[in-house]
Amino acid sequence: MQFLLTEEERLLRKTARDFARKDLAPVAAECNEKGEFPQGIFKKLGELGFMGITVPEQYGGVNLGYFCLALALEEISSVCASTAVTVSVHNSLVNLAILKYGSEELKEKYLPELAAADMLGAFALTEPDAGSDVTAMRLSAVKRGDEYILNGTKIFISTGDRAGVIIVFGRTDLNERTKGISAFVVEPSFPGFSVGKSEDKMGLKASTTVELVFEDCRVPAANLLGEEGMGMCIALDSLDGGRVGIAAQSIGIARAALDEAVIFARERKQFGKRIIDFQATGFKIADMATDLEAARLMVYLTAKLRDAGEPYTKEAAMTKLFATRAVNRIVYDALQIHGGAGYTKEFLIERLFRDARALEIYEGTSEIQRIVIMKKLLEEYDQMFPS
Amino acid sequence: MKILVLLKRVPDTEARILINQEGTGINEQGVKFVINTYDEYGIEQGLRIREQVGGDSKVTVVCMGPGEATELIRTALAMGADDAVHICDPALGKPDPFTSAIILAKAITDEGFDIIFCGKQAIDDDMAQVQSILAEMLDIPQVNVVAVFELSDDGTKATVRRRIEGGDEKVEARLPAIFSCEKGLNEPRYASLPGIMKAKKKEIRTKTLADLGFGEVPGGTRSRVLKWLPLPKGAECRMVEAEEMKDAVAELARLLREEAKVI
């Protein structure tokens, strides 16, 4: 699919691929095994421009689009899905929210450091009683003078303990369900902020997922993103972009799993021949490769839609739904092809299998994606064929 | 300081090379082409020298190759080179080292230079001749297989170490000179995203043979490739296995005598 990419996009992909193979791979192996955060990698990614891909040059970024971000995420994910989720949240949720909804002051204050990876970004939406049902969130944000006072708890926050800036969603109006939510840019140094328990996850071991506690946390009023009540809109808009990122992460993991499966099936002999020569294996591999190709095309198309400024909420949900389900089918079959070996930590597929599972859950479960798709479809049909 | 770096487009070292049916070259279908690995050390060294000397120092890439080489030249520009000369002419085909050197010498003389870096060899045909012929034609010193490079403070000479069997040879060369680079000289940098964006605006001057003043391919043909031949297929490896080592040895001896008939 070379023709789909411009020269500049091919060069970007080459840099991402070379970096992932040479610099990231050794770190990824160790960090995933020990459950450590690969802190040093992000500074290098920042120097190369990967932490401010969509940020304009005036704020220290490279001003490229989501298509380029997707290319980079596929390459990074094919080597370390944990690193990719940190990069995806940073670029497609945090940078975007500040860039699109932040005041000039906030942009100048935070974006250059984010783009250089002098600080990492986190996005705090989920609460114990507000997962898929975002509007059930309870974290309160009360305006007092020129500050907002935040009280509440966020959970499952990627990079929450490592971030220099966290987009926090809270309730500024108790009476309005959707319009009562606002978004804030919070620094961990703000009084009243603390990091709670750290999750011991099944996979994505080289990324951190923590609880954040806000006890009379004081946030300057100037750190409000957009206006009061815009929180839900900011969250949904950011998540559309985030979903393309997670879909790109899916195709990276899927590619790695396919590589592992083919290489293993070509080496492994049973009943006197290579197992890839049995159709039971070959057909699996053909289906895996087809799933991957379809998912990749959806990622490319949706990213292009976004870069062209077209509406893409439905397409983003479809892409995330299809790609995350595809990668889970792919890692399942890739592990099956490995047989007993695949169930041991000696083979990479074991890690890929665990990592892939999170993708159907975070940034909107597969069930939520279907709700989004159905809602958008119905809107389209109501317009095309009014009942 | 004017720094020139020579770049050649070669098949990826990871690519599976198959010779075409006619035996006139390799089957390029599906083969990825890259910057010759040793040339990458040259690019990096050129950039480092520019950073060391500063001022209005400039790194110019010189590449002779087909139109497809543009992307690789652009990669070098994205790494940080300032501009490039791309010698591209359909009449060129696959020139022998002598012809290559004549053409490069003309382009290089037109450009002007204080120092030239290139790879110690191209990893495709492994001739390793062009830099030496070029040095003779330009009448400048050449030092090959450079693993350590140090430019004097006044920028008039370089002290380098050549990697030779079992050790290093320390050599001093007066500039202008040409240095061919060995693995380990440096760690070539990545083309950063800002670098890729900047490279779009950098100039690649394309030159045909006529632009360089040649009416036809110069040099005559001093050497000619008659045919490309695949390596003979190695026999399949057979493992001799047994519970006890002595049984395996006995079996091996039997196979060598009865099947291979070599003992």
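Quick notes on this one:
- Mean residue ellipticity (222 nm) of chain A, computed from DSSP H runs ≥ 4 via -39,500 (n - 2.57), nearest 500: -16500 deg cm²/dmol
- Nearest 10 degrees, 0 to 90: helix A:66-77 Cα axis against chain A principal axis: 60
- Sites B:Leu231 and B:Asp12 - FRET efficiency at Förster radius 22 Å, r taken between beta-carbons, to 0.05: 0.75
- About the centre of its Cα atoms, the protein assembly as shown shows a dipole size close to 900 debye [charges on the beta carbon of Lys, Arg (+1) and Asp, Glu (-1) only; nearest 20 debye].
- Ordering B:Glu216, A:Glu211, A:Glu147 by the number of other Cβ atoms within 10 Å of each residue's own Cβ, fewest first, gives B:Glu216, A:Glu147, A:Glu211.
- Annotation: aspartates and glutamates with alpha-carbon distance below 20 angstrom to B:Lys200 (same-chain offsets under eight excluded): A:Glu7, A:Glu8, A:Glu9, A:Glu47, A:Glu57, A:Asp307, B:Glu40, B:Glu44, B:Glu68, B:Glu71, B:Asp82, B:Asp83.
- Isotropic mean projected area of the C-alpha convex hull, segment A:2-120 (nm²): 7.0
- Look at A:Ile337, B:Ile263, B:Ile19 and count the other Cβ atoms within 10 Å of each Cβ; fewest to most, that gives B:Ile263, B:Ile19, A:Ile337.
- Label separation (A:Leu297 vs B:Asp126): 4.3 nm, computed from points 7 Å beyond Cα along the C-beta direction.
- Distance between the pseudo-spin-label points of A:Met384 and B:Glu243 (7 Å out from Cα toward the beta carbon): 7.3 nm.
- When the Cα convex hull of the protein assembly as shown is projected onto planes of every orientation, the mean area is 39.6 nm².
- Hydrophobic long helices, here whole DSSP H runs in chain B with Kyte-Doolittle means of at least 0.0 and Cα atoms spread over 27 Å or more along the helix axis, are not found.
- Percent antiparallel among DSSP beta bridges (both partners in the protein assembly as shown, rounded to 5): 60
- Cβ-Cβ FRET estimate between B:Ile19 and B:Val53, R0 fixed at 51 Å, reported to 0.05: 0.70
- Cross-link pairs B:Lys8/B:Lys32; A:Lys154/A:Lys201; A:Lys22/A:Lys44; A:Lys22/B:Lys58; A:Lys100/A:Lys197 - those with Cα-Cα distance over 24 Å: A:Lys22/B:Lys58; A:Lys100/A:Lys197
- Cα centroids of segment B:139-215 and segment A:114-190: 53 Å apart.
- In degrees, nearest ten, helix A:313-338 long axis to first principal axis of chain A (Cα): 40
- Principal semi-axes in Å for segment B:126-186 [√(5λ), Cα gyration tensor, largest first]: 17, 17, 9
- If R0 is 35 Å, the Cβ-Cβ spacing of A:Glu57 and B:Val217 corresponds to a FRET efficiency of close to 0.20.
- Proportion of all alpha-carbon pairs of segment B:2-207 beyond 22 Å (%): 46
- Gap separating the Cα centres of segment A:27-106 and segment A:325-387, nearest whole Å: 22
- Estimated dipole of chain A in Debye, rounded to 20 [Cβ of Lys and Arg +1, of Asp and Glu -1, Cα centre]: 1180
- Spin-label pair A:Ile263/A:Phe278, simplified geometry with 7 Å Cα→Cβ offset, distance in nm: 2.2
- Residue order, fewest to most surrounding Cβ atoms within 10 angstrom, among A:Ile263, A:Ile251, B:Ile87: A:Ile263, B:Ile87, A:Ile251
- Crossing angle, helix A:39-48 versus chain A [Cα axis fit, 0-90 degrees, rounded to tens]: 90
- In segment A:236-364, lysine pairs closer than 25 Å at Cα, eight or more apart or cross-chain: 7
- Entry note, chain B: the mean residue ellipticity at 222 nm calculated from DSSP H runs of n ≥ 4, each adding -39500 (n - 2.57), is -8500 deg cm²/dmol after division by the residues and rounding to the nearest 500.
- Once the Cα gyration tensor of chain A is diagonalised, semi-axes √(5λ) in Å: 36, 23, 20
Each value in this text was obtained by applying a stated rule to the coordinates, not by laboratory testing. Everything numeric in this text was worked out from a predicted model, so none of it was measured. Note: ideal-geometry Cβ built from the backbone for every residue, glycine included; neighbour counts use all protein chains shown.
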